[in-house]
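Report on one structure; see the data block that follows.
The values are calculated or read from the model by the stated rules, or taken from the named source; none is laboratory data. Just so we're clear, the structure is a prediction, and the values are computed from it rather than from any experiment. Neighbour counts run over all protein chains shown; Cβ positions are idealised from the backbone, glycine included. With ligands, DNA and RNA removed, areas are computed over all heavy atoms of the protein, side chains included. Shrake-Rupley method; radii C 1.70, N 1.55, O 1.52, S 1.80 Å.
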Amino acid sequence: MSGNGGDGDVLSTSMNATHSTTPEGAFMRVLQVNVSRVCNVATTREEGAWVTFTVDFDGNTAQSSEALQPAGEVPLNYECTFDVVTETATDVERMVNSTINFTVTEHIKEKKKKHETTTRLGAFSVDALPLLLGKDVVQGTYQLNLAPNISLPETMSFDVAVSAPRPLMSEHQINEINILTCTVQSVSKLPQQLLHTTTASTFSLRVGEVDGPLNIEFADGQAVAVPEENEDSVAFEVDNTDVSAPLTTDNTHINFPSQRHRICLDHEQQQRMIEYISRNRSCPVSFSRAAATTGKSKSKVDDDVPTQRGVADLQLTHLLYPGVITATLGTKFTAVPEPQLDESTLLLDDAKKSKSKKAPTPAVTDTAPPEGQVFEDAGTFVVLSFEFTRPLIRQRSPSAIAARVSSLIPPRDVRPSPLVTAQQALDGYKSRVAAIANDLVSQLRAAQQADSTLSQADVKQRVLYDLNTNGKYEAFKEQLKQTVMTLVREKFATVNELHSAQGRQEFLSKLYVYLTTQMHATLNREFSFNRPSSAGAVDVPMEHVMQFARESEGLLNLDKAQALWDECTQRFSNDAQCWFEYAAFSTRVGDTSKAEECLRRAVSIDQRHAQSLALLGLIAVLDGRAHEGLDLLEAATSIDDSSELMWTLRYLAVQHANPDDVAADLHLDTAMKNSMPRAGHYTSCLLLAADFLASMGLPVLAQSAVAGHIAMDGVCIGTRLIEARLDIMDPMSDSSKAQQLLDACLSDQFDDADLWAWLGHTQYPHHPDTARSHYEHALALEGTTGEEDIVRLRLGRIYLAEDDFALAKDMYLRTCNQRPSSLAWLGLGVACYRLGQLEDAEDALAEANMYDPRNPTVWAYLCLICLRTGRGLEAEQCFKFATKHNLTDTSLKQEIELEMQELGVEPALVA
């Protein structure tokens, strides 16, 4: 081998380092190390020195490299191999904790000395774990970590490739083990009195228990204090929930010879660790400092500070989160708790003292602090990172979650159902004929407008040419073909009995005549000038129908609200949100079976509707079907994984199903990480969930969320408001508790419109005068309230009941301008009628009737207006519609009968 590191020369070295303790008959595997280039080769001496490096792995060291002379770049071909044995668990444990270490040494042959002088410049290492787990090669450029008191002009770097010609472990071994890597990220904020001592000392860190599934020790640590002017603090965001603020380093830390330790876990050991974390939630961590002895006396410690040990509990629950393979965990050290001695031990100690031959000495007050108090006072903390090769709790894939939801609630085909009756088949044929005819007319008009000089025959010829060349004729024919086939199948049942050619021909002739007749009738009706117009029909959007239903519920007209929700789901039967809102109404009125039916319908329409999945899961958990409910909530969080609401609902469900389940804390932790700052009363994720649960009519879980917030952050306006809302919802309560809670809230925030609105709700409808004053106060305050729509409607109804018709008119008019609805227009119409403004009243009632033509009160007041204006026939018709739609207001009926008597119409004739 050549020692020349001149320009362009390649140095080549090949050697083999064999593991001397290989068991006889064990299958040998090897690691191949190749160094292809070294950059910025330098020495600490100006001349006469050279550099070599050695490689060691698992206690075996290969031969040194060739001498490297100082140069900017030295190409070479250094190779060595190491035998690897992974037959037993002990072998694997040793291998995963072994690194391929490179040590760089400086050499110089000084005059008057027989032997050359060597200086260690530094070292670096390459992790072999990826190769053990099946990777073919690990390569990269590695920089030299300089030894203490060594400085070089530039940092040396090595181009290294480590390969495994054949797998180092079998596929079975890789699948059976789970490798945990524990790395000390930082131990900082050390007590100053332990740094400035007369002798050197070492520090050790133990994670876990000696006989436990987690037992890791980092020993022989050295304390390092960086000058404050060079301090570069680091803030660690940890994953454990018991540490709220980041752990920030100072200018002190501990360096361990090895900052990383690995444990190989087989299936049984993994289960032990899972059970240990589930049972204890944390593991003990101890940090101790031992002073060096003088050597003159083994029993005397030459140090001004005694041995110290701090302890802590490291929360490990984050490691049990499904799918987690990495976690950064931290904790602060505290003093060692004093042992609790029982009475018998104290009596025994007293007896021993009484038998002592020494003369009694005056009592001395023990003022020494507990062991480890210095760590607690200094705020010493440790940050550890944990990394598994695979998660302890495997996370179900999105496809598996979707399959589980589909197994619970099969998806529903939202395509139109096939025509199954003869009339439906005929209507489908007519609709298709009309659609094609309108399309043809549109094309004729377009062709005529494109060239006005063409005659009608030329236009027709051009359109026919286009139909036959652009494929539209074939498309029309296929469309008609499908409708004709359906019509024949449903209307002509004897078609399957035609066996002779003559019978088939007769049938086709009759079919042609029938289809042609129906086509002509359809075309005549479609293009008739006397065709009845569909103008005037109001197509109310789904959002408005849902608004009307909520308003009816707010006015405590639950039957009307139920009817509107039924109408909404019939008209928009393929909309999952519509079914979800209907389910929410059902839970609020206590009909959970109907709510579950609606939610299953919503999920069958849209299997990714997170709100429906979550609410259905909550209902299942409350019903005792925890397994099904938690699966549905898992699906909801997988669909909307950034929603703090979904994660909080899942936390509450797990806590309700099994309070000792460690997963509950993990879900709440995820919710807090996704939490966003928000204004208002519901500032935390738990209060946000409580608000949702209260609006969904699930008081048990809402109260649980409130209790959780109080346990963490104490009582606030948000907690009182939720509890007040739950009390108002309770049909057995007189709302006195809600009033007390809201009074307490108003004492802290008197100008809050929401609080005044809810205070009014506590009095409605039993104490309308008090409710009126509270509602008026809420509307008089600046800003808006989430209950403003209901407040205006309720206040307008109170005005009507108290004959304040002018105030009622003004209130309903404001409501119609902001959120028009059937109830708002009805209230406006009633107020105008009572004020004698019949024309305005009729216009308002007509608007109400367009939104809701089945409201008997609207028809009743239209009847009164017609009677007042002398239109007896119209009044009779309006009264019939009011009666048909079940008018139950007896006072309104009596008023109509009196007006009829004055007009000379017999009520019995129309009743």
Residue tally, condition within 14 Å of residue 210 (Cα to Cα) and either among the β-branched types (Val, Ile, Thr) or open to solvent by 50 Å² or more (accessible area, probe 1.4 Å) (or both), over the range 273-292 = 1
Consider residue 886 against the criteria (1) open to solvent by 50 Å² or more (accessible area, probe 1.4 Å); (2) over 30 Å from residue 814 (Cβ atoms); (3) part of a helix (DSSP H, G or I): it satisfies all of them except one. Which criterion is unmet?
-> (3)
Would you be able to tell me the number of residues in the range 639-674 that are of a type outside the set (Val, Ile, Thr), open to solvent by less than 40 Å² (accessible area, probe 1.4 Å) and part of a loop (DSSP other than H, G, I, E, B)?
-> 1
Identify, by number, the condition in (1) over 20 Å from residue 100 (Cβ atoms); (2) open to solvent by less than 50 Å² (accessible area, probe 1.4 Å); (3) not in a loop (DSSP other than H, G, I, E, B); (4) not small (Gly, Ala, Ser) that residue 222 doesn't meet.
-> (2)
Just checking, how many residues over the range 77-88 are crowded, with 21+ Cβ neighbours inside 10 Å and either over 50 Å from the mean Cα position of the chain (by Cα) or at positive phi (or both)?
-> 2
Keeping to the range 176-199, report how many residues are over 15 Å from residue 87 (Cα atoms) and either within 31 Å of the chain's Cα centre (by Cα) or surrounded by 16 or more Cβ atoms within 10 Å (Cβ to Cβ) (or both).
-> 16
Going through the range 192-211 one residue at a time, which ones are of a type outside the set (S, T, N, Q) and modelled with pLDDT of 90 or more?
-> 203, 205, 206, 207, 208, 209
Kindly indicate whether residue 141 is assigned by the TED database to the domain that holds residue 41, surrounded by fewer than 17 Cβ atoms within 10 Å (Cβ to Cβ), polar (S, T, N, Q) and modelled with pLDDT of 95 or more.
-> yes
Output for the range 896-911, where each listed residue is open to solvent by 100 Å² or more (accessible area, probe 1.4 Å) and modelled with pLDDT under 70 = 906, 909
So, first residue among the hydroxyl-bearing types (Ser, Thr, Tyr) and modelled with pLDDT of 75 or more in the range 474-501, second residue assigned to a helix (DSSP H, G or I) and open to solvent by 60 Å² or more (accessible area, probe 1.4 Å), Cβ within less than 8 Å, six or more apart or across chains; the pairs are 483/432
Output the number of the condition that residue 640 fails; it satisfies all remaining conditions of (1) more than 15 Å from the chain's Cα centre (by Cα); (2) within 24 Å of residue 612 (Cβ to Cβ); (3) not polar (S, T, N, Q).
-> (1)
Here are some residues: 419, 444, 426. Which one is in a helix (DSSP H, G or I), over 30 Å from residue 634 (Cβ atoms), at pLDDT below 80 and hydrophobic (A, V, I, L, M, F, W, C)?
-> 444
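Here is a yes/no grid of residues against (1) touching a strand residue (DSSP E or B) at 6+ places or on another chain (Cβ under 8 Å); (2) at pLDDT 95 or above; (3) under 26 Å from residue 179 (Cβ atoms); (4) hydroxyl-bearing (Ser, Thr, Tyr):
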residue: 49; (1), (2), (3), (4): yes, no, no, no
residue: 59; (1), (2), (3), (4): no, no, yes, no
residue: 74; (1), (2), (3), (4): yes, no, no, no
residue: 92; (1), (2), (3), (4): yes, no, yes, no
If residue 772 satisfies every condition in (1) of a type outside the set (Gly, Ala, Ser); (2) without any contact (Cβ under 8 Å) to a residue 40 or more places away in the chain; (3) open to solvent by 60 Å² or more (accessible area, probe 1.4 Å) but one, which is the exception?
-> (3)
Which numbered condition residue 120 misses (of (1) in contact with a helix residue (DSSP H, G or I) (Cβ under 9 Å, 6 or more places away or on another chain); (2) among the charged types (D, E, K, R); (3) not assigned by the TED database to the domain that holds residue 269) | (1)
Mind checking whether some residue in the range 308-326 is open to solvent by 80 Å² or more (accessible area, probe 1.4 Å) and at pLDDT below 85?
-> no
Subset of the range 450-464 [open to solvent by 80 Å² or more (accessible area, probe 1.4 Å), at pLDDT below 80 and not small (Gly, Ala, Ser)] = 453, 456
Residue identified as more than 22 Å from residue 281 (Cβ to Cβ), in contact (Cβ under 8 Å) with a residue 12 or more places away in the chain and in contact with a Lys or Arg (Cβ under 8 Å, 6 or more places away or on another chain) among 696, 676 | 696
Enumerate the pairs (first residue in the range 577-606 and in contact (Cβ under 8 Å) with a residue 60 or more places away in the chain; second residue anywhere and open to solvent by 60 Å² or more (accessible area, probe 1.4 Å) and not in a helix (DSSP H, G or I)) with beta-carbon separation below 7 Å, excluding pairs fewer than 6 apart on the same chain, so at least 6 apart or on different chains.
-> 604/410; 604/411; 604/412; 605/412; 605/414; 605/574
Could you say whether any residue in the range 149-168 is at pLDDT below 95 and at positive phi?
-> yes
If we keep only residues of the range 380-396 that are part of a loop (DSSP other than H, G, I, E, B) and open to solvent by less than 20 Å² (accessible area, probe 1.4 Å), then the residue nearest to residue 254 (Cα to Cα) is 380
Count, please, the residues in the range 225-263 that happen to be of a type outside the set (S, T, N, Q), open to solvent by 50 Å² or more (accessible area, probe 1.4 Å) and within 20 Å of residue 190 (Cα to Cα).
-> 13
Filter result for residue 67 (touching a His at 6+ places or on another chain (Cβ under 9 Å) and open to solvent by less than 30 Å² (accessible area, probe 1.4 Å)) | yes
Looking at this structure, is residue 723 open to solvent by 30 Å² or more (accessible area, probe 1.4 Å) and modelled with pLDDT of 95 or more?
-> yes
